[in-house]
Structure formats: structure tokens, C-alpha cells
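Okay, structure first, notes after.
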């Protein structure tokens, strides 16, 4: 699922 | 973390280091767009606000701090220390034409209508076009020093490698983020013309010179 609960990339 | 993501991050880091070293060693920021650098500083500051709210990993936090610090150092060198060498006249791109649409787009197309999320989205949109003043500067002067070309190549490769990372993550983890992917594609496309010139000219030892 599209993650918008915390972006883990830079 | 996969190999594409790591390679992308290292490429990003390399770009920033090349730029700082170029300015420091030559004591000059000729050929570098201060406006692009201002936009990148805005990108880092608005995206990495989550340093205060979300902990992901030590790697993540350190990279964010390094990007913000390097961006600040670049601005200091360009606008304070070596201000006299800054190419004002050619760096004439109007950044409000990028900033305003990015603000509007971030307000309309985002994952969540919260301050942090809108700032993150804005930074993703802005990053995708932040290089335009630099490319505009190169096109105005008609050439770029080799070291500037290496900088642009490393910076462009970073998002292209992230595209591979997103393909990998979609397949391996079913993870995807349409906003990041869309902006990443736009960002990479903007570099394509430059990539072509870099590969056909700079790698063959020639100066990057645009056809008159």
C-alpha cells in the first residue's frame, strides 16, 4: 500500500 | 535498504561533496546557479523537518543532517565567502515560477492534509524542478566546466537510481508512493538531455559545450 505513514527515504 | 537505494544516496552525497570541493578548491562558484542551491536548501529544510518527529534509522538521520549542513555550507560559500565570483547576470531564472506551482500542487495533491505531509509533498515537487535554474545557467553560458558536469551527472543519477529502487520495492515489498514516483520520473527526465551530452562529450574528455 502507498505509505504515507512516515517516509523512510531521503 | 537495497542496492539501488544505497547507490542513489551515495550518488547524492557524492554530488554534494563534488560541488563543495569544486567551490572550495577553485575559490569560485562560477558556473553554479545560486538559485538552484537556494531551492535545494528549501527542499532539505522542508522535507527533513521529520528529524524532530520521526526516527527511522541512524543512517537516515545522519544523511539528513549531512544534506542540510552541506546545503547550508554551499550557500555560505556562494553568497558570503566567494560572493564576488557568483555569476549573477546569467543566473536569472525566476524561481517564483517554480515555488508557487509547487506550493499549489502540494496543497491539492498530497497523501494527507497536514502541515508535515504538505511540506514533505512540496519538497518532493520542488526537488523535481530545482535543477532548472542550473540547467538554464548552463544553457545561457553555453558551456559547463567538467567538474560542474560531474556534479550534475551525480545529482541526476541519484533520482534515476531511486526509480530503480522504487521498482524493486514495488516488486519485493509491494511498497510504492505515487507522489515520489511521479516527481522522480519528472526529475530524471529533466536530466536526460544533460545525460546525453555528458556521455557523448564529457566522458570523451571534451568540454560540455552546447551547440551555438
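Being under 28 Å from residue B:178 (Cα atoms), without any contact (Cβ under 8 Å) to a residue 40 or more places away in the chain and surrounded by fewer than 20 Cβ atoms within 10 Å (Cβ to Cβ), is that true of even one residue in segment B:68-77? Yes, that holds for at least one residue. Here residue B:168 does not qualify as crowded, with 21+ Cβ neighbours inside 10 Å, at pLDDT 95 or above and part of a helix (DSSP H, G or I).
Among the conditions (1) in contact with a helix residue (DSSP H, G or I) (Cβ under 9 Å, 6 or more places away or on another chain); (2) assigned to a helix (DSSP H, G or I); (3) within 14 Å of chain A (Cβ to nearest Cβ), the only one that residue B:99 does not satisfy is (3). Against the test of being over 20 Å from residue B:22 (Cβ atoms) and in contact with a strand residue (DSSP E or B) (Cβ under 7 Å, 6 or more places away or on another chain), the options B:177, B:112 yield a single qualifying residue, B:177.
For segment B:16-25, the criterion of being within 11 Å of chain A (Cβ to nearest Cβ), part of a helix (DSSP H, G or I) and surrounded by fewer than 18 Cβ atoms within 10 Å (Cβ to Cβ) is met by none of the residues. Among the residues of segment B:52-64, those identified as assigned to a helix (DSSP H, G or I) and more than 19 Å from residue B:126 (Cα to Cα) are B:58, B:59, B:60, B:61, B:62, B:63. Reported count of residues in segment B:150-188, each being more than 11 Å from every other protein chain (Cβ to nearest Cβ), more than 15 Å from residue B:127 (Cβ to Cβ) and more than 14 Å from the chain's Cα centre (by Cα), is 5.
For the residues B:53, B:85, the requirement of being surrounded by fewer than 18 Cβ atoms within 10 Å (Cβ to Cβ), over 26 Å from residue B:115 (Cβ atoms) and out of contact with any strand residue (DSSP E or B) (no Cβ under 7 Å at 6 or more places or on another chain) singles out B:85. Applying the selection to segment B:137-146, what residues are assigned to a helix (DSSP H, G or I) and either within 14 Å of chain A (Cβ to nearest Cβ) or buried (at least 18 other Cβ atoms within 10 Å of the Cβ) (or both)? B:137, B:138 - these are the residues of segment B:137-146 that are assigned to a helix (DSSP H, G or I) and either within 14 Å of chain A (Cβ to nearest Cβ) or buried (at least 18 other Cβ atoms within 10 Å of the Cβ) (or both). The requirement of being surrounded by fewer than 23 Cβ atoms within 10 Å (Cβ to Cβ), farther than 22 Å from residue B:95 by Cα and over 15 Å from the mean Cα position of the chain (by Cα) is fulfilled somewhere in segment B:116-136, by at least one residue.
The values are calculated or read from the model by the stated rules, or taken from the named source; none is laboratory data. All values derive from a computational prediction rather than experimental measurement. All Cβ positions, even for glycine, are placed from backbone atoms using ideal geometry, and neighbour counts span all protein chains on display.
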